[in-house]
Amino acid sequence: MNYNSTTDKNIVVSAAQAISQGISSDGGLFVPVEIPKYSNEDFQAMLKMDYKGRAKKVIGDYLTDFTVEEVADCVDNAYTVEKFGAENPAPIVSAKLNGNTMNILELWHGPTSAFKDMALQILPYFLTKSLAKKYKGKEAVILVATSGDTGKAALEGFKDVDGTRIIVFYPQNGVSPMQKCQMTTQEGNNVDVCAIEGNFDDAQTGVKKIFTTTEIIEKLQANDKLFSSANSINWGRLLPQIVYYISAYCDLVNNGTIKFGDEVNVVVPTGNFGNILASYYAMLMGLPVKKFICASNSNNVLTDFINTGVYDKGRQFYTTISPSMDILVSSNLERLLYILSDGDDKKVKAYMTALKTEGKYTVDSDIMDKLSARFFGGFCNEESTQKTIKELYEQSNYLADTHTAVAVDVYAQYVEKTGDKETPVILASTASPYKFSKSVLGSIIPENEICESEFDMVDQMNKVTGVEVPKPLAQLKNKGVRFNNVTAVDDMPAYVLKTLGID
Ligand SMILES: *Cc1c(COP(=O)(O)O)cnc(C)c1O
């Protein structure tokens, strides 16, 4: 299976190269030339497998330049009981809100308590194997722009991995205190963390720019290094996310919640459009998904896009209590446009150019029709997010984090608007509530009763709710800060070269 760029189909590379590079040399994103299709028999066979078995099947069908043993090695090392707490790294919990039942797919049982672990625990294995095939002896420099969760998950995944260095940039005032603490205390000899004076979009644009600056690339080359990306622009990030939608469907069939062949709806709290796009790929492979419900916070650029066909990033940026979704430029939408335009690279290029130069683009009616047929977009403000956390906790004794709550609220809007209550729903839960203790606790008890310090809040929430604190979060309390660098956006390239010792 080969991969081509969303903005230039003449660029065709192997999976190993797509993963090593992260982004195409023309600035486009790598997409599979062909999408594997599963028959009923394929799905029936997967019903009998465990998570790892399903992962090996799906990943193997996309990484065709990897041997069966190589794929197995990646999967077996990534999804261990030690790292994810159970044989199934992505369990489903049923909860009810105002009469609507939801199958909540908990994707945050990994080492950093966010769904990013599902991909970032396996990406380093993909990458080191890809480098060995394509760029033997080179050191990969992973640059990460994070809205909070990717940074920590990437640091944990890549720490002390031979042949890699990782530098993470996060918005100085745009992450939760727990997220910041997770990153600044990071251990490992190949890691670096730096705050930037700007928001996530600034960080992402800054990183993208470094990736495509010729002088910097040449400097790395001269020093036997090359850039790679752990952001969801890397195909190696997206691929493992396809697995859990297929696996969740199998689990729901096996536990009798749905019958084989039944359609489901998928609800995803969305930022960079990676997670929801993975579910779309699962559908293209044959998973019977009816609607993709795209949930945004007050940064509702995707809601407007789905409803009008106009993507317009020229708007107020809000710093919200669901910071991992505080994004105005959703990178992976580019891949959806490629799919919906039947692989029209010129069209995708024109949209992306318009986004860069004019800050917006409008899709044609053909794409708009396909978009409306499958996607429902909605958003949820801060007040409704906290109200949803409270109601869900009171009605179902289920404690959702702020991002998951946005999805729950938008799902309720979907049911209200469409009357579609019958289609069973898989709702992606993307983080542990303990990553956002202040906002979650503030939803269920009066603001003035909340403890001062972050770790006292964690203990308090545990006492109030009885919900277990993820061990790695509890352990942070005793760790010292290693990184307190701050840089201006314009100085990011210099920061990178200096950190690598090649300035
Ligand atoms: C990253 C993240 C999201 C957004 O996921 P995308 O794939 O960027 O759409 C949602 N919730 C949490 C907790 C996250 O960390």
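Just so it is clear, none of the values below were taken in a lab; they were calculated from the coordinates. Everything numeric here is computed off the predicted structure, so don't read it as measured data. Backbone-built Cβ (ideal geometry, glycine too); neighbour counts: all protein chains shown.
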What residues qualify as long-range amide H neighbours of Ile142, i.e. H under 5 Å apart, gap of 5 or more or another chain, H built at 1.01 Å from N? Arg165, Ile166, Ile167, Ser228
Charges at C-beta only: +1 for Lys and Arg, -1 for Asp and Glu. How large is the resulting dipole of the chain about its Cα centre, in Debye rounded to 20? 520 debye
Segment Glu218-Ser25, length gained on full extension (0.36 nm per residue, minus Cα span): 68.2 nm
Sort all Cα-Cα distances of region 107-216 into consecutive 10 angstrom bins from zero, then give the percent of pairs in each bin up to the one containing the longest distance. 15, 44, 34, 7, 0
Can you give me the convex hull volume of the Cα atoms of region 400-474, divided per residue and expressed in Å³? 102 Å³
Charge dipole magnitude, Cβ of K and R +1, D and E -1 - region 253-370, Cα centre, debye nearest 20: 160 debye
For region 204-221, Karplus couplings with θ = phi - 60° (6.51, -1.76, 1.60), whole Hz, Gly/Pro x: 5, 5, x, 5, 4, 5, 4, 4, 10, 8, 4, 4, 5, 4, 5, 4, 5, 4
Neighbour-count ranking [beta-carbon atoms within 10 angstrom, fewest first] of Val496, Val161: Val161, Val496
Taking Asp409, Asp201, Asp312 and counting other C-beta atoms within 10 Å, the order from fewest to most: Asp312, Asp201, Asp409
In Å, the C-alpha Rg and Dmax of region 10-86 are 14.9, 44
If amide H atoms are modeled at 1.01 Å from N in the peptide plane, then the residues at a separation of 5 or more from Val264, or on another chain, having amide H under 5 Å from its own are Val289, Lys290
Report, by chain and number, residues whose modeled amide H sits under 5 Å from the one on Leu97, excluding near sequence neighbours (fewer than 5 apart, same chain). Met102
Among Ser429, Asn478, Met457, which residue has its Cα positioned farthest towards the positive end of the charge dipole of region 413-503, with +1 placed on the Cβ of Lys and Arg, -1 on the Cβ of Asp and Glu, and the dipole taken about the Cα centre? Asn478
Of all trypsin sites (Lys or Arg not before Pro) in region 63-169, which ones are in loop regions per DSSP and have a Cβ with at most 10 other Cβ atoms within 10 Å? Lys136
Treating every alpha carbon of region 49-90 as one equal point scatterer without solvent, the Debye formula yields log10 I(q)/I(0) values at q = 0.18, 0.19, 0.25 Å⁻¹ of -0.47, -0.52, -0.81
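Cα-Cα pairs above 21 Å in region 438-503: how many percent?
In whole percent, the share of Cα-Cα pairs in region 438-503 beyond 21 Å is 50.
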Of Gly137, Val289, Leu328, whose Cα points farthest to the positive end of the dipole of the chain (charges on the beta-carbon: +1 Lys, Arg; -1 Asp, Glu; origin at the Cα centre)? Gly137
Which shape class, rounded, prolate or oblate, goes with region 171-319 when its Cα gyration tensor gives a ≥ b ≥ c as root eigenvalues, a/c under 1.5 marks rounded, and past that a/b bigger than b/c marks prolate? prolate
Region 1-133, dipole about Cα centre (Lys/Arg Cβ +1, Asp/Glu Cβ -1), debye to the nearest 20: 260 debye
Scalar couplings 3J(HN,Hα) for region 79-86 by Karplus 6.51 cos²θ - 1.76 cosθ + 1.60 (θ = phi - 60°), nearest whole Hz, x for Gly and Pro, are 9, 8, 4, 4, 7, 10, x, 6
For region 369-445, state which trypsin sites (Lys or Arg not before Pro) are in a DSSP loop and have at most 13 other beta carbons lying within 10 Å of their beta carbon. Lys421
Length-normalised contact order of region 73-229, Cα under 8 Å, at least 6 apart, in percent, tallies to 19 percent
Could you pull out which residues in region 353-385 have an amide N less than 20 Å from a spot 7 Å beyond the Cα of Glu449, following the Cα-Cβ vector? none
Residue-wise HN-Hα coupling along region 257-263, computed from phi with Karplus coefficients 6.51, -1.76, 1.60 (Hz; x: Gly, Pro): 5, 10, 9, 4, x, 4, 7
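In deg cm²/dmol and to the nearest 500, what is the mean residue ellipticity at 222 nm of the chain if only DSSP H runs of at least 4 residues count, each as -39500 (n - 2.57), divided by the residue total?
My calculation for the chain gives -14000 deg cm²/dmol from helical runs alone.
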Which order do Ser94, Ser5, Ser296 fall in if you start with the one that has the fewest other Cβ atoms within 10 Å? Ser94, Ser5, Ser296
Considering only Cα-Cα distances, which of the following residue pairs are longer than 20 Å: Lys152/Lys225; Lys96/Lys421; Lys56/Lys138; Lys133/Lys346; Lys133/Lys209; Lys290/Lys360? Lys152/Lys225; Lys56/Lys138; Lys133/Lys346; Lys133/Lys209; Lys290/Lys360
Shape metrics for the chain, restricted to C-alpha atoms - Rg then Dmax, Å: 21.2, 62
Restricting attention to the alpha-carbon atoms of region 340-436, what are Rg (one decimal) and Dmax (integer), both in Å? 17.8, 51
